Amino acid sequence: MSPTITAAALCAVGAEKVVSNEIRKLGLQVSEGGFGKVRFKTDLPGLYRSLMGLRAADRVLLEAAWFQAPDFDALFEGARSVPWEDYIPSGMGLKVVKVRTNRSRLQAETSIQAVVHKAAAGRLCEKYRIRRLPEGGDAAELRVYIEKDQVSLLLDLSGEPLFKRGYRTEGGIAPLRETTAAAIILLSGWKRKYPLYDPFCGSGTIAAEAAMYAWDLAPGLGRRFALEKLLISHKGTEIAVKEELLARADFDRLVRIAGSDASAGAVDSARANLERVLKPARGKGGTPVLPSFMTLPMEEAGVPVWETASGAEDGAGFIITNPPYGKRLEDPESAERIYGEMGKLAGHFPGWKLVLITDHPGFESFFGKKADSCREITNGAIPSYLYQYDEL
């Protein structure tokens, strides 16, 4: 039996609940969550399962140590006591890539970074009988979090962030992160039995993430992870977990997903990206009905178009979308005009739910209706708001 491992999933602030639910659904034990991080207990197969299977997490990290450090001496000794040689092979470098400290006596981030690196690198050099760690090649990446003098040393297992699924080689001018798209789908309450429509589909990220969720297709099957280069990796376990997750996918489920955009180029990108979503699962069987994309301005979107595209039955469904941000695509006045025009959706999609993410705190005043709920969520580095209307 594999030893118990403490790990952490990093996510958008506001997405902690859905990431916790995902971790439990994968059969792993949640320890605690808060402010963009969820700690959990697992074993080696569970680490692979979390890397391949989590939809809304941006990174998975192994917690190598957890100790009190009211001063730099304690920080150095705590970092040096970690058996880094059990994780990091000879010939690999080490980088401390992130430091965060809050309500702690140790505040100087550059000094914290230097002390942790000196302690960990010193131990590795001693164990491997070398004068210094190699530079310029592969390097293990370490993150340091200090909260109320409690230090957490976290070894990155992801490599490239998990929102880089591999299917989106063609993105729009201001693409929505894949993990953020997955988070808002999970927060919306959408289920595969309902139709889903995105009138600002861009490169098709929301449609792609919704389709993978509906098919139970794990999002990380087609990519590599930093874990593969660490000593705790095991190729047989990786292959077994990948086969296990792929076996869960069901492409014969009826999925009614569509999107549209005023830009024909964006629609072409969305179609190409959707084709790549299925690349890791080629040969599994099944005949998936792919989401449909149309070149169409938002004000012309409506249920008749949906029925032509995907065969909606009962008129009830979800609009989940990421309208243009004033800071990224348009000037603020143009974005606010678009928000006002979105009020027309109520006449085109009677009885549907509307869920959207934007960085504009005054969206409701331009849309003309107060949302049934609004929560803060980050989209990359942008503080944003998730507005939900239970019925248009």
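The values are calculated or read from the model by the stated rules, or taken from the named source; none is laboratory data. Please read all numbers here as calculations on a predicted model, not as lab measurements. Virtual Cβ from ideal backbone geometry, glycine too; neighbours counted across all protein chains shown.
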Exactly one of 143, 103, 123 is touching a helix residue (DSSP H, G or I) at 6+ places or on another chain (Cβ under 7 Å) and either small (Gly, Ala, Ser) or in the same structural domain as residue 73 (by TED's automatic domain parsing) (or both), and that residue is 123
Among 272, 266, 247, the single one that is free of Cβ contacts under 8 Å to residues at least 40 places away in the same chain and not in a loop (DSSP other than H, G, I, E, B) is 247
Checking 130, 88 in turn, the sole residue that is surrounded by 15 or more Cβ atoms within 10 Å (Cβ to Cβ) and hydrophobic (A, V, I, L, M, F, W, C) turns out to be 88
Here the residues within the stretch 333-384 that are among the hydrophobic types (A, V, I, L, M, F, W, C), touching a residue at least 12 places away in the same chain (Cβ under 8 Å) and over 22 Å from residue 196 (Cα atoms) are 335, 366, 382
Exactly one of 224, 168 is in contact (Cβ under 8 Å) with a residue 12 or more places away in the chain, more than 18 Å from residue 25 (Cβ to Cβ) and surrounded by 18 or more Cβ atoms within 10 Å (Cβ to Cβ), and that one is 168
Condition check for residue 35: surrounded by fewer than 17 Cβ atoms within 10 Å (Cβ to Cβ), modelled with pLDDT of 95 or more and either farther than 16 Å from residue 186 by Cα or not hydroxyl-bearing (Ser, Thr, Tyr) (or both):
no
When (1) basic (Lys, Arg); (2) touching a strand residue (DSSP E or B) at 6+ places or on another chain (Cβ under 6 Å); (3) in the same structural domain as residue 289 (by TED's automatic domain parsing) are applied to residue 192, the one that fails is (2)
Among residues of the stretch 357-389 being among the acidic types (Asp, Glu) and under 23 Å from residue 37 (Cα atoms), the residue surrounded by the fewest Cβ atoms within 10 Å (Cβ to Cβ) is 376
All-but-one check, residue 12 against (1) within 17 Å of residue 231 (Cα to Cα); (2) buried (at least 22 other Cβ atoms within 10 Å of the Cβ), failing number (1)
Screening 85, 32 for residues that are over 30 Å from residue 281 (Cα atoms), acidic (Asp, Glu), in a strand (DSSP E or B) and not assigned by TED's automatic domain parsing to the domain that holds residue 359 leaves only 32
inquiry  = Please determine whether any residue of the stretch 43-58 is touching a residue at least 40 places away in the same chain (Cβ under 8 Å), part of a strand (DSSP E or B) and not β-branched (Val, Ile, Thr).
reply    = yes
Among 345, 354, the single one that is in contact with a Leu (Cβ under 7 Å, 6 or more places away or on another chain) and either in a strand (DSSP E or B) or surrounded by fewer than 16 Cβ atoms within 10 Å (Cβ to Cβ) (or both) is 354
Residue 202 - would you say it is assigned to a loop (DSSP other than H, G, I, E, B), assigned by TED's automatic domain parsing to the domain that holds residue 319 and more than 23 Å from residue 140 (Cα to Cα)? yes
Residue pairs within 6 Å by beta carbon, gap of at least six or interchain, first lying in the stretch 129-154 and farther than 14 Å from residue 119 by Cβ and modelled with pLDDT under 95, second surrounded by 14 or more Cβ atoms within 10 Å (Cβ to Cβ) and among the hydrophobic types (A, V, I, L, M, F, W, C), listed first then second, are 138/92
Residue 53: passes all of (1) surrounded by fewer than 15 Cβ atoms within 10 Å (Cβ to Cβ); (2) farther than 18 Å from residue 122 by Cβ but (1)
Condition set closer than 23 Å to residue 12 by Cβ and not in a strand (DSSP E or B), scope the stretch 368-389, selection nearest to the chain's Cα centre (by Cα): answer is 380
